[in-house]
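Trainee: Pasting a structure here, questions to come.
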Amino acid sequence: MGSGVLLVNLGTPAAPTTQAVRSYLAEFLSDPRVVDLPRIVWLPILHGLVLRGRPKRSAKKYALIWTPEGSPLAVHTSRQAQLLREAMPGIPVEHAMRYGEPSIAAALKRLPANPVVLPLYPQYSRATTESVRDRLPHGTRMIESFHDDRRYIGALAQSVQRHWESHGRAEMFIMSFHGLPKRSVERGDPYEKQCRETARLLAAALGLGEAQWKLTFQSRFGAARWLQPYTQPTLIELAQRGVKRVDVVCPGFVSDCLETLEEIGIEGRRAFLVAGGTEFSLIPCLNESGEWIDAMARIVRER
């Protein structure tokens with residue numbers, strides 16, 4: 001199978017402070033994979049405008065979800081690596097962040113040569129998956145996606161069903177994925193297609209009819225057209241149409257993070273309730289569920 005496993009997630013600031021968030025965003029938003037504008041156009045905007053106002057606003061959001069152990073994304077990713085290590089005796093497992101710490105380079109030094117790399121992005125995109133490859137030695141084996149893997153879909157379905165058993169089922173089930181500029185898909189990025197396939201497979205595993213669920217996209221940034229429908233406007237529209245109760249899950253994230261806990265769990269909830277909804281449930285990400293750890297182990301072994 002190989003001599004080790006490296007899990008890679010997106011990244012997180014080291015602290016919920018303006019300075020730490022500015023440092024993180026400077027690295028993240030400087031990546032040409034993330035913002036594909038010409039550098040001569042984008043970098044003056046980034047440093048002259050974006051990094052002046054956004055870090056303070058984002059730091060306040062991070063502070064709302066920060067835990068005593070640190071950033072939820074960092075905590076969950078570290079725990080996933082530890083549990084995968086226990087599930088695969090004899091195989092070294094490390095984790096890294098594409099932006100921030102621990103770095104990919106440092107994690108690779110702790111592993112034997114020729115590890116298998118698993119970016120924790122179920123759906124492939126050049127903006128995320130290929131950005132990981134940019135930091136790997138040439139020829140490194142990387143699992144590009146697992147959007148339709150039956151174990152991943154099964155882990156999602158079991159997570160949703162557990163929530164329904166404990167809290168009941170809402171009128172509408174929403175699957176919210178991270179957005180992507182429309183031009184990326186028009187240039188051949190398969191991300192949207194893979195998101196839709198994940199949603200279709202999860203709906204089928206849950207036995208949902210077409211009228212019982214919706215796919216949406218969140219986290220839009222900038223003025224460009226992004227994949228639609230957008231999550232928050234959809235929540236508002238549903239509430240205004242008389243839907244009183246929604247369940248939301250974020251299948252494109254395997255760990256709860258700012259985009260799930262704050263953007264959906266706080267901002268999305270508020271928008272839905274203000275618009276007339278009465279009950280909003282955010283179903284947790286896979287995090288440390290046994291089904292997800294088992295799915296990861298099998299994905300790595302088989303691929």
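Trainee: Only loop residues by DSSP count here, and only those with at most 12 other Cβ atoms within 10 Å; note down the chymotrypsin sites (Phe, Trp or Tyr not before Pro) in the range 262-303 that meet that.
Mentor: Details: sites: F272, F280, W292; in loops: none.
Within the range 262-303, no chymotrypsin sites (Phe, Trp or Tyr not before Pro) qualify (loop, at most 12 other Cβ atoms within 10 Å).
Trainee: For every helix of n ≥ 4 consecutive DSSP H residues, a contribution of -39,500 (n - 2.57) applies; sum these over the chain, divide by its total residues, and give [θ] at 222 nm rounded to the nearest 500 deg cm²/dmol. Numbers along the way, then the final one.
Mentor: On the way: 12 runs with 129 residues, N = 303.
Calculated from helices alone, the mean residue ellipticity at 222 nm is -13000 deg cm²/dmol.
Trainee: Next up: In this model, which of K60/K182; K56/K109; K61/K214; K61/K244; K56/K182; K61/K182 are farther than 31 Å apart at the alpha-carbon? List each step's numbers first, then the result.
Mentor: Working: K60/K182 29 Å; K56/K109 34 Å; K61/K214 26 Å; K61/K244 27 Å; K56/K182 28 Å; K61/K182 26 Å.
Flagged as over cut-off: K56/K109.
Trainee: In 10 Å bins starting at 0, how do the alpha-carbon pair distances of the range 1-59 split up by percent?
Mentor: All Cα pairs, binned at 10 Å, distribute as 21, 42, 23, 10, 4 percent.
Trainee: Let me ask another. Could you do me a favour and compute the accessible area per residue for the chain, 1.4 Å probe, result in Å²?
Mentor: Values: 13530 Å² over 303 residues.
In whole numbers, the chain has 45 Å² accessible per residue.
Trainee: Separate question: Identify which of the listed values of mean projected area of the Cα convex hull in nm² was calculated from the structure shown: (1) 14.7; (2) 15.7; (3) 16.8.
Mentor: (2)
Trainee: Beyond 19 Å, what percent of the Cα pairs of the range 175-251 remain?
Mentor: 39 percent
Trainee: Given R₀ = 25 Å, what would the calculated FRET efficiency be for S3 paired with E302, taking r from the Cβ atoms and rounding to 0.05? Can you show the working numbers first?
Mentor: Details: r = 17 Å, r/R0 = 0.68.
Calculated transfer efficiency: 0.90.
Trainee: Right, another one. With charges only on Cβ, +1 for K and R and -1 for D and E, what is the dipole size of the range 106-223 about its Cα centre, in debye, rounded to 20? Intermediate results must be reported in sequence, preceding the final value.
Mentor: On the way: 18 positive and 12 negative charges, 73 e Å.
It works out to roughly 360 debye.
Trainee: Hand me the chymotrypsin sites (Phe, Trp or Tyr not before Pro) from the range 194-226 located in a DSSP loop with no more than 10 other Cβ atoms within 10 Å, in residue order please. Don't jump to the answer; show the numbers that get you there.
Mentor: Values: sites: W213, F217, F221, W226; in loops: F221.
Sparse-neighbourhood loop chymotrypsin sites (Phe, Trp or Tyr not before Pro): none present.
Trainee: How big is the range 163-303 on each of its three principal axes, counting only the C-alpha atoms and giving the largest first in Å?
Mentor: Computed over the Cα atoms, the extents are 47, 41, 29 Å.
Trainee: What residues have an amide H closer than 5 Å to that of F177, excluding those fewer than 5 places away on the same chain, when H is modeled at 1.01 Å from N in the peptide plane?
Mentor: Distant-sequence amide H within range of F177: T216, F217, Q218.
Trainee: Follow-up question, since we're still on this one. Compute the distance from the alpha-carbon center of the range 203-240 to that of the range 51-126, in whole Å.
Mentor: The two parts, judged by their Cα centres, are 27 Å apart.
Trainee: Among P112, L206, L261, flag the residue with its Cα farthest along the positive direction of the charge dipole of the chain, charges on Cβ as +1 for Lys/Arg and -1 for Asp/Glu.
Mentor: L261
Trainee: So what does the Cα-only Debye profile of the range 32-141 read at q = 0.14, 0.20 Å⁻¹, as log10 I(q)/I(0), no solvent term?
Mentor: -0.77, -1.24
The values are calculated or read from the model by the stated rules, or taken from the named source; none is laboratory data. Small disclaimer: the values here were computed from a predicted structure and weren't measured. Methodologically, a virtual Cβ is constructed for each residue, glycine included, from the backbone with ideal geometry; neighbour enumeration extends over all protein chains shown. To get the accessible areas, we keep the full protein, side chains included, count just its heavy atoms, and leave off ligands, DNA and RNA. Shrake-Rupley method; radii C 1.70, N 1.55, O 1.52, S 1.80 Å.
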